[in-house]
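Undergrad: One structure, as structure tokens, below. Some questions next.
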Amino acid sequence: MPAPPLRRSVQRALVRHALLTAVVAAVLGGLLVVGVWRVAEAEGHATARLVSEQAAGGLTASLAEIDFRSPQATRHDVLLADLAPFLEAGIIHRVKVWIVDGDRSTVVFSDEPRIEGESGVLDPDLARRVDAGEMVSLRLPDDDEHRYEIAAGMPLIEVFTGFTDAAGNQMRLEIYVPFDVAATTRGTAAVLLPMTLAGLLALGIATVPLSVSLARRMERDRDEHRAALRYGLAASDRERGELAQQLHDGVIQDLAGAGMLLQAIRSAGGSRTVLDGRPGLLEEAQRLVEQDVRELRDLASSLLPSTFGAADLRAALTDLVAQLRGGGDTAVAVEVESTGLGDDTAALLHRISRELLRNAFRHSGASRIDVRVVPTGRGLVLTVSDDGVGFDPGSAPEGGHIGLRLVRRALEEAGGELTVTSAAGAGTTVTATFPAGAVLDRSPQL
């Protein structure tokens with residue numbers, strides 16, 4: 001028996017899980033490479049200082065016996081012989097001996113004779129550190145002073161240390177040690193990175209069941225929430241229907257009977273006797289009763305739950321217009337394009353239309369109202385416009401416009417939005433946008 005297809009929520013959870021694992025792997029891999037680079041660089045400088053210390057120890061005796069300011073001071077053969085083991089083994093690449101004159105220094109010896117006699121300005125910070133007895137290691141600068149070292153095409157670290165010659169002159173010993181930080185980083189990362197990513201991948205695979213379980217649990221919770229909302233909506237509709245029935249069978253019938261009684265009294269002429277020549281009171285009482293009956297009937301009709309389907313939307317809106325217009329002469333045009341709505345969304349649209357049309361009939365004083373329902377690429381748009389007196393949408397709502405807040409809340413909780421365009425004397429246009437897939441069970445009762 002084939003396995004059931006994965007629900008969309010589980011599919012999305014798996015995609016998110018895979019993306020999160022990939023992002024974490026990329027970030028962790030990057031941090032690992034950066035960390036290895038810093039460790040390799042620190043190791044390179046430590047190695048360079050250690051090698052320089054060993055090389056300087058082999059040269060100390062010879063360097064201390066020479067007065068480098070003496071014209072015949074430099075003993076190349078002796079110094080080169082002391083350096084030969086380090087140079088031939090490749091442990092060091094180059095050696096320079098500098099003599100300090102104030103804020104400048106001059107090369108008085110090197111295994112590269114072409115640079116002897118060159119001078120430059122001392123770096124104050126470097127001079128301070130060397131004078132304090134520190135052995136200072138630096139990356140090889142990319143400048144003309146180091147043109148011969150750069151031409152060698154190998155990564156070098158230069159190390160400075162201080163000493164005094166036979167005449168007490170202040171001197172600097174500069175040693176260049178080969179060390180490839182990038183190669184060390186690549187080698188170390190090649191070992192650590194696969195193991196780290198493999199462990200992260202294993203962790204990601206091991207936690208897939210947890211992600212799927214959480215996704216299914218969230219889906220169940222959403223289903224239960226929707227079911228609870230549907231149940232609440234059904235209960236609300238039942239209560240509204242019972243209330244409408246009670247109004248129709250009780251209060252409306254009583255008021256209608258009272259109106260008929262008043263009419264009978266007027267027809268019998270008893271009003272003049274009973275009310276002492278003031279028949280206008282009876283007419284006014286009858287008018288008020290009849291008005292209350294009409295309003296209660298409208299209320300009972302509005303309380304009845306919507307029982308139509310999406311296919312009946314145009315007919316339902318037309319009936320709604322006829323119900324709300326009453327005996328008025330306001331021209332109303334209803335246009336509904338094919339929407340493909342579900343029944344729940346159609347019910348939500350009908351209730352919002354009822355609120356918007358009620359406002360238009362009661363407060364706009366319009367001679368024409370247009371109702372349009374048009375599908376769009378992003379969902380559905382309901383527009384109710386009138387040519388009435390208009391109002392300021394930015395001002396505090398009057399009693400007749402509080403319903404717009406309920407409509408706005410209903411749409412926002414369904415993922416849509418409400419736009420009101422109006423001005424005094426310029427009519428009103430209200431646009432309700434329903435997102436694709438909007439359903440009633442996500443919306444509050446209007």
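Undergrad: Taking 7 Å along the Cα-to-C-beta vector as the label spot, tell me the residue 77-residue 104 distance in nanometres, rounded to one decimal.
TA: Output for this residue pair reads 3.3 nm.
Undergrad: Computed FRET efficiency, Cβ-Cβ of residue 164 and residue 27, R0 56 Å: what is it to the nearest 0.05?
TA: So, using R0 = 56 Å, E works out to roughly 0.60.
Undergrad: Okay, next question. Kindly put 319, 386, 103, 370 in sequence by how many other C-beta atoms sit within 10 Å of each C-beta, fewest to most.
TA: 103, 319, 370, 386
Undergrad: Quick one: in region 346-393, what % of C-alpha pairs are over 16 Å apart?
TA: 43
Undergrad: Determine, from the Cβ-Cβ distance of residue 53 and residue 412 and an R0 of 51 Å, the FRET efficiency 1/(1 + (r/R0)^6), rounded to the nearest 0.05. Provide the component values of the computation, followed by the final result.
TA: On the way: r = 73 Å, r/R0 = 1.44.
Efficiency for this residue pair is about 0.10.
Undergrad: Decide, for region 8-200, between rounded, prolate and oblate: order the square roots of the alpha carbon gyration tensor eigenvalues as a ≥ b ≥ c, take rounded if a/c falls under 1.5, and otherwise choose prolate if a/b is larger than b/c, else oblate.
TA: Prolate.
Undergrad: Okay, moving on. So, in nm, how far is label residue 315 from label residue 129 when the simple model puts each one 7 Å beyond its Cα toward the Cβ?
TA: 9.1
Undergrad: Still on this structure: What FRET efficiency would be calculated for the residue pair residue 426, residue 290, taking the C-beta separation as r and a Förster radius of 30 Å, to the nearest 0.05? Display every interim value, and only then the final one.
TA: Details: r = 35 Å, r/R0 = 1.18.
That gives a FRET efficiency of 0.25.
Undergrad: As a footprinting exposure proxy, order 110, 70 by other Cβ within 10 Å, with the fewest listed first.
TA: So the ranking, lowest neighbour count to highest, is 70, 110.
Undergrad: When 429, 184 are ordered from fewest to most other Cβ atoms inside 10 Å of their Cβ, what list results?
TA: Numbers: 429 15, 184 19.
With the fewest neighbours first, 429, 184 line up as 429, 184.
Taken together, the values in this text are just the output of simple stated rules run on the coordinates, not laboratory data. As the structure is a prediction and not an experimental result, all values here were calculated from the model. When we count neighbours, we look across all protein chains shown, and the Cβ atoms used for this are built from the backbone with ideal geometry, even at glycine.
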